[in-house]
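Chemist: A single structure is presented below for examination.
Every number here is computed from the coordinates shown, using simple stated rules; none is lab data. Please read all numbers here as calculations on a predicted model, not as lab measurements. Because the Cβ atoms are built from the backbone with ideal geometry, glycine has one as well, and the counts that use them run over all protein chains shown.
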2 protein chains.
Amino acid sequence: MAHPGTHSPRLWVWLLLVVVSRTAEPVCGVWPLPQQIHQSPDRYSLSPQLFSFTYGKDSAAQTGCSVLDAAFKRYFSIIFPDFTKGPENGLRYWSESKPFVVSVSVKSRGCDGYPGEDSDESYNLSVSEGQAVLRSVTVWGSLRGLESFSQLVYQDDYGSYFLNKTEIVDFPRFAFRGLLLDTSRHYLPLHAILKTLDAMAYSKLNVFHWHIVDDPSFPYQSRTFPDLSNKGAFHPFTHIYTQSDVMRVIEHARMRGIRVVPEFDSPGHTQSWGKGQPDLLTPCYRGDVPSGSFGPVDPTVDTTYKFMERLLKEVKYVFPDSYVHLGGDEVSFACWQSNPNVLKFMGKMGFGKDFTKLESFYMESIMNMTAALNKTSIVWQDVFDYRERPRAKYVVEVWKQGCYLCEMRRVTKAGLKVILAAPFYLDLPIPTHSWARYYIVRPLAFKGTEEQKKLVIGGEVAMWGEYVDATNLSPRLWPRACAAAERLWSDEEKTLNADLAFPRLEEFRCELLRRGVQAEPLFVGHCKHEYNGL
Amino acid sequence: MAHPGTHSPRLWVWLLLVVVSRTAEPVCGVWPLPQQIHQSPDRYSLSPQLFSFTYGKDSAAQTGCSVLDAAFKRYFSIIFPDFTKGPENGLRYWSESKPFVVSVSVKSRGCDGYPGEDSDESYNLSVSEGQAVLRSVTVWGSLRGLESFSQLVYQDDYGSYFLNKTEIVDFPRFAFRGLLLDTSRHYLPLHAILKTLDAMAYSKLNVFHWHIVDDPSFPYQSRTFPDLSNKGAFHPFTHIYTQSDVMRVIEHARMRGIRVVPEFDSPGHTQSWGKGQPDLLTPCYRGDVPSGSFGPVDPTVDTTYKFMERLLKEVKYVFPDSYVHLGGDEVSFACWQSNPNVLKFMGKMGFGKDFTKLESFYMESIMNMTAALNKTSIVWQDVFDYRERPRAKYVVEVWKQGCYLCEMRRVTKAGLKVILAAPFYLDLPIPTHSWARYYIVRPLAFKGTEEQKKLVIGGEVAMWGEYVDATNLSPRLWPRACAAAERLWSDEEKTLNADLAFPRLEEFRCELLRRGVQAEPLFVGHCKHEYNGL
């Protein structure tokens, strides 16, 4: 095959492992690995004709529960993709098939709410002859349980459906299991976002971090400041997210138990903002005169704060989640340094020549606004690094390579919550098997108290947009993001071995193909249902 | 944007360049760059209603020419994608529009033949008011000219079509401009192959090297040996290429002036062959007893040569191209070494312990068969490396990294034709801008005579299948393969600068999106018509 240097010995070991594990014992069919799962060889056949979802008698949620009614419909099609005909086809199915009922019981109703930072996602699932009993505290827990249930069902070579006697006790290791999409460097059509949310739910990821605007474009159509997208989007009609688009994303996510956390990154990364909001950015100077180019948001003028307050008020209204991401990363100080008004302001405030103080001043101002709107701010670690003793409470997202555990230790020592993104950057095209390195990430392996460890609320895979748009988003995300998802959901001790994960991830990737997700292959081989979406 | 280490300074230079080049002078709209192109600011408007292709009066090909009739139909839809309604819509178009006729004249007919190694692909295209005159020696040259013509047409912001006064004199630098797909490590559905052929034609690539079988699977359904795919394919019905599939690929390729060169790689890379042809592979030994595993094809028994002769006869019959690729790469000698019958044969033949002699013996035997069938053999460079003084004439494909130019020098010195693949391996996921390195490849930059240089017949981009299937094939191929295509078609001196190519490739990539090719982005930005195929 004339192909140098791609067969690392490690991969052959894996390949061997696949063969071995496939003959030795059945592969566990649920991804991410549940906290506890016991399966027996006893199997029951399922017939779509005689299959139903129902609410348990003691369930707080009953028919009419928007989230679960929709989930029943969705999972029926996922479990029985071939079942497109009406009941007149019933005769095709073996008369020996027996009814099978999945009974779902929820403790607290909450069908019309949104998943949040404290949502209980735990569930218990018990599959026995003729029935499965799914119990959870919230509807979000039921969604996770239905996902697991759907993965238990399989087809034999004749197309008949089966599942095995199974007991699952499950809950997530971390409450925050995020995925970042960047819709500024390239515009992502709405359906690309919706399909990503579908696949997130299959992997039990639960936060969509929408990095919606940045330097290159401002696709968010603001009702308060329509010029931001009119002038700052790649195109004012075709490359924007209308209010109705945003609502569709939020509702699609809610139905899958996924939070939508928007990011309006400032004061840097705001070049596109300046097009529709003329006095917002700092004019850069060359000598004594403005150079014509602009730097970060101007933190020295009142109009900036009035603008940010109105924008954040709109964001609060549009995005129901209690978190909002305020960015704060990678601010270049060169432009501020060149501007005489900024220098005057620095002197007046006693900042000397320390521009990190100026950025901290700005970030604290907008974090205070956010707090006044009853929202929790997330910021990139830069903000914490500039001022390790924060006045306000906020969540820090760790993104810098290097010793990210050191940073986690410092942040939690300061009493702040933290989200780990650094080891989960997957926008760059690296070999598919790079997913294996997620299996050595141990977010809590820093020196610190129990209290500190509790402040680690989760992690996030980041898909930046420099080289990514709708043409390559899906294969670059999936199945690699699934590996991160497992590490954030499952018991760390049971999922430390990438070699053991390999055959399971291969199987899960085939399941993703069957569900229409354009997930790329891990290595040589095939799936029964290949990708057919071309 | 919290994104470390991805912005190489080089890329910012490019970005700057895009801005500059877009304002300074119009970007040349034809990819790959024609040998000579002169464009004037005079532009003519086009109306689909008043547009037509026709055959020149002096043309050897006239209506009824299968290749060109189909090309006229195809390119009309490519040029006017919005024109789906009937003539009753004519009123929408400006009454001031004038008729425009593309007149195509071919010297020699050959409409029902196949493109081959000696096909003349040159063409002249002259666009002036109301008409374009396209002249070529063969219909394959006309296809290249129609492609260039289609790329000259553009739409303004109101949707009106225009093209500028243009003169093009064009011909390929190399006759062999290949693309390898590997359908053994992963099965590629037929439509993935057909779509690849479409995009090849857009880039003027002209050889589809079909690495159809290999160790993991044997998807080619042989009429002589049906068990090869029955037992050696991933699945005997869903994961095979029937005779009719193969015919469809060849005809789809012919219509686009693309040759189909199949590869039946042996004696190594044949594990899947052994499943359906029991005595073909060498039984490996552990001590005195067969270990149960098998090595390369057994070159010591008559049955092997009888089998290969019958298989190659079928291949000759099924694939019309004059070339057939026989592989010959990466043969591991361990199994031969373990087998007492092979050792006995080695002694009898006087090969001593030099297994390269055994491989040469085998390869020469099957190359002789191929020659007797009037076909030219291509082999991987390993075959040449083992025996630098060949008895037969064959084409060598250089694939090993390192000093590939040294190898080219040696091969051409031995009087053999050579194809360069080494620097064009693009199956591994590397950053998109890795296409830029194709711009430093100079296939003729070795010491040698003019005669030697003429033996370099072209190059080939190789998309191996370890990590690639239908989910990620297109974005990994396109637009990177376009860069290789330009380097193989265009004047080397005019296309040495990747920075100058960048804005042109960006524009061509948008054109590929408009034509439905899932081509990934080069960098931050957008296209008027984004990919909409999800």
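Chemist: For each of A:Val213, A:Val67, count neighbouring Cβ atoms within 10 Å of the residue's Cβ, then give the residues from fewest to most.
Modeler: Listed from fewest to most nearby Cβ atoms, that is A:Val67, A:Val213.
Chemist: Sort A:Phe523, B:Phe508 by Cβ crowding within 10 Å, fewest neighbours at the top.
Modeler: Lowest to highest Cβ neighbour count: A:Phe523, B:Phe508.
Chemist: Taking the Cβ of each residue in B:Met369, A:Met200 as the centre, tally the other Cβ atoms inside 10 Å and list the residues starting with the fewest.
Modeler: Fewest to most other Cβ atoms nearby, the residues stand as B:Met369, A:Met200.
Chemist: Any idea what the B:Val169 label distances to the other copies are, label 7 Å down the Cα→Cβ vector, nm, shortest first?
Modeler: Once sorted, the set of distances for B:Val169 reads 8.4 nm.
Chemist: Of all beta bridges DSSP finds with both residues in the protein assembly as shown, what is the antiparallel percent, to the nearest 5?
Modeler: Antiparallel: roughly 35 percent of the beta bridges in the protein assembly as shown.
Chemist: What percent antiparallel are the DSSP beta bridges of segment A:176-501, to the nearest 5?
Modeler: Counting only bridges with both partners in segment A:176-501, antiparallel ones make up about 10 percent.
Chemist: Could you grab the relative contact order for chain B? Cα pairs under 8 Å, six or more apart, rounded to a whole percent.
Modeler: Relative CO of chain B lands at 14 percent.
Chemist: While we're on this one: Which cross-chain or sequence-distant (5 or more) residues have an amide H under 5 Å from the amide H of B:Val137, H modelled 1.01 Å from N in plane?
Modeler: Residues meeting the criterion, in which the H sits 1.01 Å from N, are B:Lys107, B:Ser122.
Chemist: Using a Förster radius of 56 Å, what is the FRET efficiency between A:Met349 and A:Ser434 based on their Cβ-Cβ separation? Nearest 0.05, please.
Modeler: Here the calculated transfer efficiency is 0.75.
Chemist: Skipping prolines and chain starts, which residues have an amide H placed within reach, meaning under 5 Å, of the one on A:Lys417, given they are 5 or more residues away or on another chain?
Modeler: Counting only residues 5 or more places away or on other chains, the set is A:Tyr394, A:Val396.
Chemist: Run through segment A:203-309 and list the chymotrypsin sites (Phe, Trp or Tyr not before Pro) located in a DSSP loop whose Cβ has at most 13 other Cβ atoms within 10 Å.
Modeler: A:Phe237
Chemist: Please state the Cα pair-distance histogram of chain A with 20 angstrom bins from zero: what percent is in each bin?
Modeler: Spelled out per bin, shortest first, that is 21, 51, 24, 4, 0.
Chemist: What is the set of long-range amide H partners of B:Leu281 at a cut-off below 5 Å, with H atoms built 1.01 Å from backbone N?
Modeler: B:Asp298
Chemist: How far is B:Pro278 from the same spot in each other copy, in nm, shortest first, if each label point sits 7 Å from Cα toward Cβ?
Modeler: Taking the point 7 Å beyond Cα along Cα→Cβ, the inter-copy spacings are 8.7 nm.
Chemist: With loop defined by DSSP as not H, G, I, E or B, and exposure as at most 12 other Cβ atoms within 10 Å, which is the longest segment of chain B clear of exposed GluC sites (Glu not before Pro)?
Modeler: B:130-387
Chemist: What is the projected area of the convex hull of the Cα atoms of the protein assembly as shown, averaged over all directions, in nm²?
Modeler: Result: 48.6 nm².
Chemist: Can you tell me the orientation of helix A:302-318 relative to chain A, as the angle in degrees between its alpha-carbon axis and the longest Cα principal axis, to the nearest 10?
Modeler: Approximately 10 degrees, to the nearest ten.
Chemist: As an exercise, use a Förster radius of 25 Å and the Cβ-Cβ distance of A:Arg310 and A:Lys400 to find the FRET efficiency, rounded to the nearest 0.05. Numbers along the way, then the final one.
Modeler: Details: r = 32 Å, r/R0 = 1.28.
Taking R0 as 25 Å, the efficiency between A:Arg310 and A:Lys400 is 0.20.
Chemist: Tell me the volume per residue, in Å³, of the convex hull enclosing the alpha carbons of segment B:24-170.
Modeler: Details: hull volume 17.6 nm³, N = 147.
Expressed per residue, the convex hull around the Cα atoms of segment B:24-170 is 120 Å³.
Chemist: On C-alpha positions alone, give me the angle between the axis of helix B:243-255 and the longest principal axis of chain B, in degrees, nearest 10.
Modeler: 40 degrees
Chemist: In degrees between 0 and 90, to the nearest 10, how far off the longest principal axis of chain A does helix A:139-152 point, with axes built from Cα atoms?
Modeler: Computed tilt is about 50 degrees.
Chemist: How far apart are the B:Phe237 label points across copies, placing each 7 Å from Cα toward Cβ, in nm, shortest first?
Modeler: B:Phe237 label point versus its equivalents elsewhere: 5.0 nm.
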